[in-house]
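Read through the structure below, which is laid out as structure tokens, and then see the notes.
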Amino acid sequence: MLVLTGALLVGGGAGVGGAAIYDAATDGSSSSSGGAPLQVADTGDKQAASGSVEGVAAAVLPSVVALDVSGGGNSGSGSGVVLDADGLILTNDHVVTLGGEIDAKQAEVTASFSDGTKARATIVGTDPLTDTALVKVEGVDNLTPITLGKSSNLDVGEQVVAIGSPFGLDATVTSGIVSALNRPVQVARDANGNVTAYPAIQTDAAINPGNSGGPLVNMDGQLVGINASIRSTGSGAGAESGSIGLGFAIPIDEVLPIIEQLRGGEAPTHARLGIQVSNAAGTAGSSDTTVSGAKIEETENGSAAADAGLKAGDVITAIDDRRIEDSDGLIATVRSYRPGDTVKVTYLRGGKESTTDLKLGSDG
């Protein structure tokens, strides 16, 4: 905090100096060294070009919310995005639970809007498995809902913009590109072994602590992802590192069904295979081909996997056209489907590759 404050003070000092130079240049006086007046160009405040970062920021900023959360003697902050004019706000589960430090029912949430309005928010529902949460404010007028896009339309190399409140600096805009798609990201595992994982949008747009829950948008200003995690070089107790250009957002397509369930007061459901898996390692058969994938350790009776003929010892290497490198990749990929979806599973058994179609089960 002291370093940050110092940096801001230095910036302020530089601003004062710049104003003094500007005054000297515009009043016709010469510098103390006797040189010619500095030349200042005033081209006016031009309108933002369509599809520019400036234009996207102007359109999206009114939809972005800073969230302050407290409870159980803990406090923290994050970001959110307005979904409708009635005050529904999308954010991360780990924002409203302070990363699992408090029960969501104990959380006191305050939302701060772009016009300076502050309001108490109530939690509508949370889903730890997809790191999704909805909160709602009452009595706030003139809200600007964000426009939803389709994360499935994103391409690697496409420009995107992230907006949020990193380190409490509200309404911060950063831009970058989509660095990768369907990147398996696991961020948590609870005491029962339930994993929070998703096939993330990877971006080099700067994302820092406090950006969580804020929007990742395309250059049409449409919501395509929820900024949720970063890869950091920080280590050690209490380390809090910033962006190194490896940020991850939850694709909006994957959580829209969860949002609708939470919005309707329902318990969220997720697709499942009904198996226990571990990371596969070693070789397959006499060809000494290196194996990577998710090895089935156990199948549940009556599960989707068991009904499709999958057995312990099989190594799942692909779901549809998505390559599976390890157990995290399998969990994240299955999490991107819905209960009842039919998928093609590619697997190895005794070194021989086979495929089977199965209908995914549900945990609800």
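All C-alpha to C-alpha distances of the chain, sorted into 20 Å bins beginning at zero, yield P(r) values of 26, 49, 20, 5, 1 percent in whole numbers. Note on the chain: dipole from Cβ charges, positive end direction compared against Ala188, Leu67, Ser278; the farthest Cα belongs to Ser278. Please work out the C-alpha center-to-center distance from segment 44-117 to segment 146-166 and express it in whole Å. Rounded to whole Å, the Cα centres lie 16 Å apart. Calculated mean residue ellipticity at 222 nm for the chain: -5000 deg cm²/dmol, from DSSP H runs with n ≥ 4 weighted as -39500 (n - 2.57), summed, divided by the residue count and rounded to 500. Relative contact order of segment 37-193, taken over Cα pairs closer than 8 Å and 6 or more residues apart, is 22 percent. Heavy-atom accessible area for Glu101, with the other protein chains in place and a 1.4 Å probe, reaches approximately 120 Å².
Geometric descriptor of segment 143-205, per residue, is 148 Å³ (volume of the convex hull of the Cα atoms).
Taken as Cα centroids, segment 307-364 and segment 167-185 sit 30 Å apart, rounded to the nearest whole angstrom. Computed over segment 258-364, the quotient of the alpha carbon radius of gyration and 2.2 N^0.38 Å is 1.12. Rg and Dmax of segment 30-85, based on Cα coordinates, read 22.2, 65 Å. In summary, the lysines within cross-link reach of Lys311, defined as a Cα separation below 22 angstrom excluding same-chain residues under 8 places away, comprise Lys295, Lys344, Lys352, Lys359. For segment 154-251, the pair-distance distribution built from all alpha carbon pairs, in bins 5 Å wide starting at 0, is 3, 15, 24, 24, 18, 11, 4, 2, 0 percent. Coordinate range of the alpha-carbon atoms in segment 104-161 per principal axis, descending: 39, 31, 13 Å. Compute, for segment 37-173, the length of the dipole vector about the Cα centre, with Cβ point charges of +1 (Lys, Arg) and -1 (Asp, Glu) only. Units Debye, rounded to 20. Approximately 40 debye in magnitude. Shown here: segment 91-227, whose C-alpha atoms stretch 43, 40, 25 Å along the first, second and third principal axes, sorted largest to smallest. Counting charges near Thr110 (Lys, Arg +1; Asp, Glu -1) among other residues having Cβ under 9 Å from its Cβ returns a value of 0. As a length-normalised measure over Cα pairs under 8 Å and 6 or more apart, the relative contact order of the chain settles at 12 percent.
Charge dipole of the chain (Cα centre as origin; +1 on each Lys and Arg Cβ, -1 on each Asp and Glu Cβ, all else neutral): 560 debye, rounded to the nearest 20.
Here's the picture: charge each Lys and Arg Cβ at +1 and each Asp and Glu Cβ at -1 in segment 130-184, and of Leu143, Phe167, Ser179 the one pushed furthest to the positive end of that dipole is Ser179.
The values are calculated or read from the model by the stated rules, or taken from the named source; none is laboratory data. Remember, predicted model here, so these are calculated numbers, not experimental data. Every residue, glycine as well, gets a Cβ built from its backbone with ideal geometry; the counts of neighbours run over all protein chains shown. Please note that ligands, DNA and RNA were not included when accessible areas were found on the heavy atoms of the full protein model with its side chains. Shrake-Rupley method; radii C 1.70, N 1.55, O 1.52, S 1.80 Å.
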